[in-house]
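The values are calculated or read from the model by the stated rules, or taken from the named source; none is laboratory data. A quick note: this is a predicted structure, and the numbers were derived from the prediction, not measured. For neighbour counting, all protein chains shown are included, and Cβ atoms are generated from backbone atoms with ideal geometry for every residue, glycine included. The area values use the complete protein model at the heavy-atom level, side chains included, leaving out ligands, DNA and RNA. Shrake-Rupley method; radii C 1.70, N 1.55, O 1.52, S 1.80 Å.
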Amino acid sequence: MTTQTLELGKFSIGVGDRFAHQAKAQLEACIEAAHAGVEIIPVWNKSNREHNIIGSEPSSTRAAADAAVKALHWGKPYFCDADHINLTTVDRFLAPCDFYTIDVAETIGKPADSAAIDKFLKRRSDLTGTLRLEGVREPLEITPDLLNLTAKKFLFAVQEAGKVYRHIEAAKGKGTFVAEVSMDETDAAQTPAELLIILAAIADEGIPVQTIAPKFTGRFNKGVDYVGNVDQFRREIILDVAAIAWATANLGLPKNLKLSIHSGSDKFSIYAAIHEATKHSGVHLKTAGTTWLEEIIGLAEAGGDGLALAKEIYAEAFAHREELCAPYATVIDIDPAKLPAPAAVDKWTSQQFTSALRHDPHSPAYNPSLRQLLHVGFKVAAKMGDKYIRLLESNEKVIAKNVTENLYERHIGPVFLGKPSPVAVLAHAEAK
Ligand SMILES: [Zn+2]
């Protein structure tokens, strides 16, 4: 008997659908990409934290994805991602999901037992020296010191990932799901050399990892552009991709192993670099909250009750900003002085509200602080319950248009199709 392994395609996009109402609009963006000649596999991701804040169950994400796929006759694969799970949170995702983002960031830095470290160092001593990677001029230098330090810092985390992986495998069966290992929610970026050593440990642990999410250099704030050194990012991602190619060729990891870029939405400044580095290897771009913001934009654009609700959500988010921001402190940068007073926002037209919120770097009215506050403000809408959902439903058309257009034009175009990103367009216009 041959068992077929469930494989993630070359290009995939993680989409978040906090209130489980936009799956069709999101899938439309993948359908548009298919029409443009590129297959992009949709992956609906929702973390345990989001489910807890909203009060939803992972089965609802699965139901919404299945319904969208059926309604739009999507015949290619699609996945539901248990995003950022660990041993304590994975169980309720076992039945509905077929993609697991195993998050071990919290255990980075905890040392494995010394016998395990010694065994790893012995087994992998051949990694030390100068490693020439295909397609890049810059070699990777791995000194015995670096191997040692990286083992001490990451081996325990990889062992943890192994425990989570085997727990899922025992429940679901080998080859029936995609495994990702994520280390992005931590302070220090991992270098390409560290990534390669981590992949060796993952191979030793027997995890058939298909996507790996390192922390990259720079800040990946929620829903806004990249903040950091774009040239350094470009160098790093090219080396990461080459390190992964080396690992798949030499360590027995799955051939389709590729990078996963978390908080990947709206990082317009680095989309050209991501496209260039990953157009042959493939990439998973994980977006989430950008769709929820399009719901607010659609409501505001609709005017009437929709605009009133968008204003109400802003006012509530403004009033509770400290509490809403706390869980996201490391991934947002809000300038409180730039947040307009709710009384002023209350007088805004649809046009004023949408142009402050919509991520259009051309627009002088675009306000990244307001955008980030609303990004973390989905709890406010969750508390409104039916009132919010009813307006989503009665304004489905205008919201869906915004959701699809945002994913296709601002994300899929520049990352997967190599079209200029909104920032590049701006730089071009300024140069004229
Ligand atoms: Zn993440």
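Across the range 317-332, computed HN-Hα scalar couplings (Karplus, 6.51 cos²θ - 1.76 cosθ + 1.60, θ = phi - 60°) run 5, 4, 5, 10, 5, 5, 5, 6, 7, 3, x, 10, 3, 7, 10, 9 Hz from first to last residue, x flagging Gly and Pro.
Net charge in the neighbourhood of G173 (other residues with Cβ under 13 Å of its Cβ; Lys, Arg +1, Asp, Glu -1) is +1. As a fraction of the 1.4 Å probe accessible area of the range 107-234, surface on carbon and sulfur atoms comes out at 50 percent.
Entry note, the range 303-432: relative contact order of 27 percent, from Cα contacts under 8 Å with a spacing of 6+ residues.
In the context of the full protein assembly, R235 retains an accessible surface of approximately 130 Å², using a probe radius of 1.4 Å and ignoring ligands and nucleic acids. Per residue, the accessible area of the chain comes to 42 Å², computed with a 1.4 Å probe over protein heavy atoms only. Taking Cβ atoms as reference points and 9 Å as the exclusive limit, the residues near W292 contribute a net charge of -2, counting Lys and Arg as +1 and Asp and Glu as -1. Taking Cβ atoms as reference points and 14 Å as the exclusive limit, the residues near A329 contribute a net charge of -1, counting Lys and Arg as +1 and Asp and Glu as -1.
Heavy-atom accessible surface of F318, to the nearest 10 Å², is about 40 Å², with a 1.4 Å probe and all protein chains retained. Model label points for K401 and A249, set 7 angstrom from Cα along the Cα-to-Cβ axis, are 5.0 nm apart.
Evaluate Rg over Rh across the chain, taking Cα atoms for both radii and Kirkwood's formula for Rh. Let's see the in-between values first.
Values: Rg = 21.6 Å, Rh = 22.3 Å.
So for the chain, dividing Rg by the Kirkwood Rh gives 0.97.
For the chain, the residue among H167, L374, P58 whose Cα projects farthest onto the positive side of the dipole built from Cβ charges is H167. Using the Karplus relation 6.51 cos²θ - 1.76 cosθ + 1.60 with θ = phi - 60°, the per-residue 3J(HN,Hα) values for the range 146-162 come to 5, 4, 4, 5, 5, 4, 5, 7, 10, 4, 4, 4, 5, 4, 4, 4, x Hz, with x marking Gly and Pro. The value of relative contact order for the chain, using C-alpha pairs under 8 Å at least six residues apart, is 17 percent. Does a label point 7 Å from the Cα of K172, set along Cα-to-beta-carbon, have any residues of the range 36-53 with amide nitrogen under 16 Å, and which are they? Label zone hits: 42-48.
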